[in-house]
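Some notes on the structure that comes next.
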Amino acid sequence: MTIIGANPATLATPIGPFRHYTIAPDDHRLVYISGQVGQDENGELVSGGVGGQTAQVFRNFELILEDLGVGPHHIVKLFTVLAGKGSFAEFAAARTEVFARWYPDGDYPAHSAFVAAELAGPDLKVEIEAVVAVPR
C-alpha cells in the first residue's frame, strides 16, 4: 500500500516530513496504536534522552506493525507529544534517521506534534501514537 494523501497547492508546504492529509483506503481497517514510550521489551526506559527514547518508540512501532502484518507505509497518522521546551530538535534528528529508512521516497504520513510540560512518568521524554491502515 502506498499512503494516499496530499499537500494541496492552496496551502503552505509542510514545515516538516508530513502530509497535510492522508486517506485510508476503503479496503483497510483503521487500527489505533496507543502512545508508545521509550521502554524496551523488559519495560526499562532506554538511555539517550529524547533521541534514544524516540528511536525506541519507533522500534516499538516496528514490532507492533510486524504483529499486524504490515509495515511503516501503512501508517496514516502519527501524533507526538514531547516533554519539555527545547526537546524538538533532538526528536526531529532521531525521526529523520528512522524516516530515511521507512520513507525513502518522502511519502510521509500525516503527523502532528507538540511539547508539554511533562508526560505520564517523570523520566519520559517522548510519546507517539499512530493510526494504521491494515488490509481487510
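Each of the peptides 4-15, 119-130 was scored by the mean count of other Cβ atoms within 10 Å over its residues; in descending order, highest first, they stand as 119-130, 4-15.
A compact globular protein would have a Cα radius of gyration near 2.2 N^0.38 Å; the ratio found for segment 96-136 is 1.54.
Under 5 Å from the amide H of Lys125 lie the amide H atoms of Gly38, each residue being 5 or more positions distant or on a separate chain, with H modelled from the backbone and absent for Pro and chain starts.
For segment 1-86, with all protein chains in place and a probe radius of 1.4 Å, 53% of the accessible heavy-atom surface sits on carbon or sulfur. Electrostatic bookkeeping for Gly121 treats Lys and Arg as +1 and Asp and Glu as -1; over the other residues with beta carbon under 13 Å from its beta carbon, the sum is -3.
On a per residue basis, the convex hull of the C-alpha atoms belonging to segment 2-44 measures out at 138 Å³.
When the P(r) of the chain is calculated, the portion above 18 Å amounts to 54% of the C-alpha pairs. On C-alpha positions alone, give me the angle between the axis of helix 49-68 and the longest principal axis of the chain, in degrees, nearest 10. With both axes taken from Cα atoms, the answer is about 50 degrees. Taking the longest Cα principal axis of the chain as reference, the axis of helix 88-102 is set at about 50 degrees.
Per the Kirkwood definition applied to all pairs of different Cα atoms, how many angstroms is the hydrodynamic radius of segment 16-64? Over segment 16-64, the inverse of the mean reciprocal pair distance is 12.9 Å. The separation of segment 15-61 from segment 85-136, counted between C-alpha centres, amounts to 6 Å.
Taking the helices alone, the chain has a mean residue ellipticity at 222 nm of -8500 deg cm²/dmol, built from -39,500 (n - 2.57) per DSSP H run of at least 4 residues and averaged over all its residues.
The residues of the chain have, on average, 55 Å² of accessible surface per residue, using a 1.4 Å probe with all protein chains present.
Projecting the Cα atoms of Val50, His111, Asn60 onto the charge dipole of segment 27-125, computed from C-beta unit charges around the Cα centre, puts His111 farthest toward the positive end.
The values are calculated or read from the model by the stated rules, or taken from the named source; none is laboratory data. Remember, it's a predicted structure, so these values are computed and weren't measured experimentally. No Cβ is skipped: glycine too gets one built from the backbone with ideal geometry, and neighbour counts run over all protein chains shown. Accessible surface is based on the protein model in full, side chains and every heavy atom, while ligands, DNA and RNA are left aside. Shrake-Rupley method; radii C 1.70, N 1.55, O 1.52, S 1.80 Å.
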